[in-house]
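The values are calculated or read from the model by the stated rules, or taken from the named source; none is laboratory data. As the structure is a prediction and not an experimental result, all values here were calculated from the model. In this analysis, Cβ positions are derived from the backbone assuming ideal geometry, glycine residues included, and neighbour counts consider all displayed protein chains. We work out accessible area using only protein heavy atoms, side chains counted, and drop any ligands, DNA or RNA first. Shrake-Rupley method; radii C 1.70, N 1.55, O 1.52, S 1.80 Å.
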Amino acid sequence: MAYKITEECISCGACEAECPAGAIAEGDGKYEINADACLDCGACAGVCPVGAPTEA
């Protein structure tokens with residue numbers, strides 16, 4: 001199951017830089033994860049300072 005980014009996102013970009021699949025991109029007001037490309041590895045959740053990425 002892919003990860004998703006919640007409204008807690010502060011748009012710092014830490015998750016995008018850490019994603020090995022390139023599945024994260026800046027969206028409108030927060031970062032977003034392409035569920036089709038997400039590897040469900042949790043790398044994004046491990047680096048987020050506010051815990052915004054969660055398992056969907």
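Determine whether residue 2 is in contact with an Asp or Glu (Cβ under 8 Å, 6 or more places away or on another chain) and aliphatic (A, V, I, L, M).
Values: in contact with an Asp or Glu (Cβ under 8 Å, 6 or more places away or on another chain): yes; aliphatic (A, V, I, L, M): yes.
Yes.
Of the residues that sit in the stretch 14-54 and are of a type in the set (Val, Ile, Thr) and not in a helix (DSSP H, G or I), which one is surrounded by the fewest Cβ atoms within 10 Å (Cβ to Cβ)?
Within the stretch 14-54, the subset of a type in the set (Val, Ile, Thr) is 24, 33, 47, 50, 54.
From what is left, the residues that are not in a helix (DSSP H, G or I) are 24, 33, 50, 54.
Numbers: 24: 24, 33: 22, 50: 11, 54: 14.
Restricting to residues being of a type in the set (Val, Ile, Thr) and not in a helix (DSSP H, G or I), the top hit is 50.
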Please go through the stretch 1-13 and pick out each residue that is open to solvent by 40 Å² or more (accessible area, probe 1.4 Å) and either in a loop (DSSP other than H, G, I, E, B) or in contact with a helix residue (DSSP H, G or I) (Cβ under 8 Å, 6 or more places away or on another chain) (or both).
1, 7, 8, 10, 11, 12
